[in-house]
Structures are given as C-alpha cells and as structure tokens.
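The values are calculated or read from the model by the stated rules, or taken from the named source; none is laboratory data. As the structure is a prediction and not an experimental result, all values here were calculated from the model. Positions of Cβ are generated from backbone atoms using ideal geometry, with glycine treated the same way; all protein chains shown enter the neighbour counts. To get the accessible areas, we keep the full protein, side chains included, count just its heavy atoms, and leave off ligands, DNA and RNA. Shrake-Rupley method; radii C 1.70, N 1.55, O 1.52, S 1.80 Å.
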Amino acid sequence: MPLERSTASPISQFGLGLAAVGRPGYINLGRDADLPADRSVDALRAHAHQLLDAAYARGVRYLDTARSYGGAEEFLATWLDGRPDAQDVVIGSKWGYTYTADWRTDADVHEVKDHSVATFNRQLAQSRALLGTRLGLYQIHSVTPDSPALTDRALHEGLAALATEGVTIGLSTSGPAQAAAIRTALEVTVGGEPLFGSVQATYNLLEPSAGPALAEAHVTGRTVIVKEAMANGRLADRHATGPDTSTLREIAHEADVSCDAVALAAVAARPWADIVLSGAANVEQLTSNLTAADVHLDPDRLARLAESAEPAGAYWAHRSRLAWA
C-alpha cells in the first residue's frame with residue numbers, strides 16, 4: 001500500500017516504530033523495565049506481535065521498521081502473515097545500516113552504516129524476502145549532509161527504479177545538521193522528477209531544529225514522518241524530572257494527562273507533521289502515547305513548551321552518550 005496520510009481519525013496521524021522491540025539492546029531510557037526479562041528472539045517476537053496487535057486495534061495504520069532493527073522486519077512479516085485482515089496498513093522500512101550486535105546488549109558495535117549501491121541492493125533483497133509487496137516505503141537510514149546517498153547518481157537511479165514498482169522512496173535524517181540534509185534531498189531529481197517522496201526526521205520539544213526544513217518538505221508534497229518525538233524516553237513521566245522538562249510537567253499536570261501525551265501532542269500539532277511515530281516498547285506505553293490524539297494544546301501552551309528546546313549540538317551530544325541496554 002502506498003504511503004499517504006489518512007484523515008479518517010486523529011489516531012491515523014500516529015504510527016508505530018519498532019526500533020525499541022526488534023533487538024535486545026537499544027538506547028531508549030528505562031529498557032530494563034520496558035521489555036520482558038527473556039530477550040530471546042522468540043520472546044521478543046511474541047512481545048512485538050502483542051504490541052502490533054494493540055496498535056492495530058487502536059487504529060494505527062503506519063508501521064515503521066528497518067534492516068538494522070535486529071529481527072524487527074521478520075517480526076513484522078510474521079505478524080502480517082498471521083493477520084490477513086490487516087490489509088490496510090502501510091509498511092515502511094529503512095536500509096543503510098547493518099545490524100552487527102549478534103543479539104547482544106554489550107556489543108562494542110551494534111550497527112554499521114553504509115549508503116553504497118551494493119548495500120542498497122543487498123538489503124532491498126532482504127527486505128523484499130520478508131515483506132514482499134507489502135513494502136510501501138523504503139528509506140535511506142540516517143542521512144547526514146555528508147552522506148554519499150545525496151550525490152550518488154547510480155544509487156539514485158536504483159532508487160528511482162524501485163519507485164516505478166509503487167514503492168515510495170524516502171530518507172530519514174539524524175544529527176545536528178538535519179535541516180541541511182533535508183534541503184539537499186529535496187533538490188535530488190531523477191529524469192527531472194523529485195526522487196524522495198517522504199522525509200523522516202527527529203523532532204521533539206528538546207530538538208526542534210529540523211522544523212523549518214520539514215515544513216518546506218511538506219509544502220512541496222512530501223510526506224513528513226517524525227521519529228524520536230519522545231527524545232529516546234527523556235520526555236516520559238519517569239524521566240522528565242529535571243529543569244529542562246519543568247514546563248512539560250506543568251502542562252501535563254494542568255491537562256491531567258501524562259508527559260508523553262503532551263510531548264507527542266505538541267509534535268502532532270505541527271501542520272506539517274503527517275505521521276508521528278510512537279516508539280513504545282510495550283502496550284502500556286503505547287496506550288499512553290496514543291492518548292495524545294485527544295490532547296489539544298492551545299497556542300499559549302505550545303509557545304511555553306517551545307521554550308524547552310536545547311541547542312541542536314548539545315541535544316545530539318547527549319543522545320550519543322546514551323547507553324545501549
């Protein structure tokens with residue numbers, strides 16, 4: 001199914017990302033409490049299926065995964081096989097990182113980045129083997145301004161060929177220069193036509209620097225997907241305890257909702273945010289996250305929340321220090 005925003009219900013603006021449940025280790029805060037003690041492949045597959053069942057039952061229709069999320073593509077594929085009724089979900093995946101941790105949380109290197117044509121061809125075949133024609137969006141994973149993916153014409157031709165099969169071509173970005181990467185990507189064409197139909201970027205109350213570039217992408221017709229809207233758990237109730245999140249706590253108290261609901265609602269309020277990903281690691285978190293669909297923040301509260309922003313460099317430096325656990 002092609003990628004497009006549904007306006008059927010407020011929940012349709014929210015998607016589910018599988019970064020936190022596809023492998024035993026990740027950088028989100030609080031994983032010791034979020035995942036089952038048994039982190040074997042079988043246990044995490046069952047856990048992911050439970051989460052996917054809950055998301056689908058609540059009306060979530062965009063599901064986001066990646067080659068580097070351990071077994072996430074396979075978990076999603078087996079869930080789809082067992083849910084023939086779920087024909088209305090859009091599946092997005094990403095290529096460009098290879099998972100190397102071998103199902104360990106203490107690996108020295110968890111994933112290796114490579115945006116070459118060879119990696120694209122290899123990982124596309126792997127994604128296709130699992131997801132087949134259900135793959136609706138294929139994104140270059142974590143593009144930065146210096147990525148060869150922005151200038152490699154052979155790669156662009158290969159991506160454009162995939163687009164002729166009905167797959168939307170996108171990219172995700174990361175790092176303090178996301179805006180520059182997005183704007184460069186918007187100018188990439190093949191045969192006179194824009195290559196990228198979607199952009200996925202980190203955007204949250206602490207790191208909003210990509211906002212203007214994402215607005216530009218939206219105006220030009222690209223679908224905008226927001227990832228890490230919870231700042232890897234820093235905006236969840238149990239971690240939002242410092243001065244950087246004092247306003248978030250105040251507004252959550254005023255609205256009688258959780259901090260995560262306010263944080264996600266603030267992102268969803270941006271007119272350019274087509275899909276906002278929940279990175280929930282369990283059903284309880286997902287349920288709390290999705291209450292954001294019922295939270296309406298007035299301009300005054302949005303302005304107050306905007307004061308929580310950190311310098312992009314400081315935010316990404318902090319993120320780089322988060323431990324895999």
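Count Lys and Arg as plus one, Asp and Glu as minus one, and take only other residues whose Cβ is under 11 Å from that of Thr247; the net charge is then -1. Given a 1.4 Å probe and the protein chains as shown, Tyr99 ends up with an accessible area of around 50 Å². Applying the criteria of a DSSP loop state and at most 11 other Cβ atoms within 10 Å to the trypsin sites (Lys or Arg not before Pro) of segment 240-325 yields Arg321. Surface composition of segment 1-142: carbon plus sulfur atoms contribute 52% of the solvent-accessible area (1.4 Å probe, protein chains only, all chains present).
Residues whose amide H lies under 5 Å from that of Val190, counting only those 5 or more places away or on a different chain, are Leu195; hydrogens are built 1.01 Å from N in the peptide plane. In the chain, Cα pairs under 8 Å separated by at least six residues give a relative contact order of 20 percent.
Near Pro208, once Lys and Arg are set to +1 and Asp and Glu to -1 for all other residues with Cβ below 13 Å from its Cβ, the sum equals -3.
The candidates Lys113, Lys94, arranged from most to least accessible area with a 1.4 Å probe in the full protein assembly, appear as Lys113, Lys94. Here segment 183-325 exposes an accessible surface that is 54 percent carbon and sulfur, computed with a 1.4 Å probe and the other protein chains kept in place.
A 1.4 Å probe over all protein chains sorts Thr220, Thr164 by accessible area into Thr164, Thr220, starting with the largest. Accessible area per residue was computed with a 1.4 Å probe on protein heavy atoms; His318 scores about 60 Å². Given a 1.4 Å probe and the protein chains as shown, Asp294 ends up with an accessible area of around 110 Å². Other residues whose C-beta falls under 11 angstrom from the C-beta of Gly70 contribute a net charge of +1, scoring Lys and Arg +1 and Asp and Glu -1. When shorter helices are ignored and each DSSP H run of at least 4 residues is given -39500 (n - 2.57), the per-residue value for the chain at 222 nm works out to -11000 deg cm²/dmol. Residues Arg45, Arg153 ordered from highest to lowest accessible area at a 1.4 Å probe: Arg153, Arg45.
Taking all protein chains into account, the per residue accessible area for the chain stands at 39 Å² (1.4 Å probe).
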